[in-house]
Amino acid sequence: MTDLLCTRVAFIGAGNMAEAMVSGLRRAGVPPENIRASDIRPEQLERFRRLFGVATYAANADAARDADVIVLAVKPQQMAAVLPELAPFSRVALFLSIAAGIPTARLEAALGSSARVVRAMPNTPALVGAGIAALCRGARATEGDLALAEALMRAVGKTVQVEEALMDAVTAISGSGPAYVFRIMESLERAAIAQGLPSEVARQLVLATIAGAGQLAERTGRAPAELRQQVTSKGGTTEAALREMEVRDLDGLFAAAVAAAVRRARELAAG
């Protein structure tokens, strides 16, 4: 943690994920003078100054100057315009990209021959410190670079390491995954209301049920299939509901959805 506390971090882009990471770093004890951010939106820069007391800049190069780690937190479509102005800093700074779909080789090519790049795929539960991020390192990043990047991401949740070839699958599962869960919440709420439950009661039941099921699976360490079987009595209500899901091919639906997300991640990678 000592290395993290002394690390100077620049965020290029001051959106939701950057805000989550800055919030996590401040909770972890990183002083505000070691954090800076840039963005084209003045209102976002004002928000970062007000919430975190960090320095903000309209120019990316001003934020990146003297940074130990430069976090690339812009949208994938904006990356090509941002990288050339950051290339001069590649001789000293580690680049941590949290942009979906863009491979480390493409970042290294734009940043120059000495660029050290680590790629991470976080997800939105990082906004409440409950995220998970998968990381992989580029051709010139060291094990120490990867460890530092992991320390940064652990400020907002858990981390895993994967081969870069698997990052598109990670994007489709954990990166996009919270949206799948929220969509399930929407459907359960509608179904509950259709059965006569008041909307506020339906919302409470759905939120608590999904949060509780996740905690149960995590704390017990049991496989989801085992936990499902434990709550499914033969001839009972749960069995009737699950049978309907099987008839409608729930596995096939999720397989198709994840495959679509992987295809889109690969399209982004191709530019």
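Data for the structure
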| item | result |
| --- | --- |
| Any pair with Cβ under 9 angstrom, 6 or more apart, that starts in segment 146-162 at a residue that is under 15 Å from VAL9 (Cα atoms) and ends at one that is acidic (Asp, Glu) and modelled with pLDDT of 95 or more | LEU148/ASP68 |
| Tabulated pairs, segment 2-29, first farther than 17 Å from ALA126 by Cα, second assigned to a loop (DSSP other than H, G, I, E, B) and open to solvent by less than 10 Å² (accessible area, probe 1.4 Å), C-beta under 8 angstrom, 6+ apart or interchain | LEU4/VAL30; LEU5/VAL30; THR7/VAL30; ARG8/ALA67; VAL9/VAL30; VAL9/ALA67; ALA10/ALA67; ALA10/ALA93 |
| Close pairs from segment 240-256: first closer than 14 Å to ALA225 by Cβ, partner at pLDDT 95 or above and not in a helix (DSSP H, G or I), Cβ under 7 Å, at least 6 apart | LEU242/THR232 |
| Condition broken by ALA61, with the remaining ones in (1) within 21 Å of SER114 (Cβ to Cβ); (2) modelled with pLDDT under 95; (3) open to solvent by 20 Å² or more (accessible area, probe 1.4 Å) satisfied | (2) |
| Filter pass, VAL118 being in contact with a Gly (Cβ under 8 Å, 6 or more places away or on another chain) and closer than 19 Å to SER176 by Cβ | no |
| Count - residues of segment 94-148 that are at pLDDT 95 or above, open to solvent by 50 Å² or more (accessible area, probe 1.4 Å), in a loop (DSSP other than H, G, I, E, B) and not aliphatic (A, V, I, L, M) | 2 |
| Failed criterion for ARG49 (all others in (1) assigned to a helix (DSSP H, G or I); (2) under 22 Å from the mean Cα position of the chain (by Cα); (3) among the basic types (Lys, Arg) hold) | (2) |
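The values are calculated or read from the model by the stated rules, or taken from the named source; none is laboratory data. Please read all numbers here as calculations on a predicted model, not as lab measurements. FYI the Cβ positions are ideal-geometry reconstructions off the backbone, even for glycines, and counts take in every protein chain you see. Each accessible area value is taken on the protein alone, full model and side chains, heavy atoms only, with ligands, DNA and RNA left out. Shrake-Rupley method; radii C 1.70, N 1.55, O 1.52, S 1.80 Å.
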